[in-house]
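Below: one structure, written as structure tokens.
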Amino acid sequence: MRKKTKLQTNINKAYIIKLDECKYIGGDINSSTYLMKDRKVVKIYKDPYKCKKDFDLLTSLQVVNITPKIYNFCGHYIIREYIKGISLNNYIKKNGLNQMLSYKLIEFMDKIYNSNTKNIAINSNNIFLKSDDTLILMDAQYNTNKINIFYELFEDFKNLKIIGLFLENIKSYNLDLYKKWTNLK
């Protein structure tokens, strides 16, 4: 029998969440995210199936150390580590894209690509740049369309008018990655 990890032993344990003591920090049509008093983040979902899918995605990527620590999962919510930073989208709007950030992003994307987590959709609002200049995947969506895992990210880069620069940086960093990622189906 496999030994349970700390994360596994906490799964499905009820956790008392007092929303009146939490600070709302974001959300969308499917979920709301709050900062709790203990500096952890709780993401509450409308649909428990979507919550489980997102939990599975985030835990599958924890082995490559690019997601926040997950402390608890139960039905409609996930409790995870709070990460202070700025979304890649907002950072690029404010500062543009330089070669060093491109290379960090390429290495980050390569970790995702090589994690064998293929049913994932990522956009530039899901990736955060921390104060120490490391990148972290704050959120991910389950990709039901089976499209290129970087499709949404590349679309964001088109809208930010940096796609040409980013593709050139991939090409100069690693021609094989450039060929692989631009030919994904």
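Just so you know, all these numbers are worked out from the coordinates, no wet-lab data involved. Predicted, not measured: the structure shown is a model, and the values here were computed from it. Using ideal geometry, Cβ is built from the backbone for each residue, glycine included, and neighbour counts are taken over all protein chains shown.
Numerical summary
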| quantity | calculated |
| --- | --- |
| Within the chain, helix-based [θ] at 222 nm, where runs of 4 or more DSSP H residues each add -39,500 (n - 2.57), nearest 500 | -11500 deg cm²/dmol |
| Residue 161/residue 16 FRET efficiency (R0 41 Å; Cβ-Cβ; nearest 0.05) | 0.30 |
| Gained length - residue 56 relative to residue 84, 0.36 nm times residue gap less alpha-carbon distance | 7.8 nm |
| Within-15-Å neighbourhood charge of residue 49 [Cβ basis; K, R +1; D, E -1] | +2 |
| In degrees, nearest ten, helix 99-114 long axis to first principal axis of the chain (Cα) | 60 degrees |
| Chain lengthening between residue 49 and residue 25 when straightened (0.36 nm per residue, less Cα-Cα) | 6.4 nm |
| With Cα atoms, 0 to 90° folded angle of helix 163-173 axis to the chain main axis | 80 degrees |
| Listed residue pairs exceeding 29 Å between alpha carbons, taken from 52/93; 93/180; 50/94; 37/118; 40/111; 84/171 | 52/93; 50/94; 37/118; 84/171 |
| The chain: relative contact order as a whole-number percent, Cα under 8 Å and 6+ apart | 18 percent |
| Theoretical gain in end-to-end length, residue 39 to residue 172 [0.36 nm per residue, Cα-Cα removed] | 43.8 nm |
| Answer label for Kirkwood radius over Cα pairs in Å (calculated), chosen among (1) 32.2; (2) 17.5; (3) 18.0 | (2) |
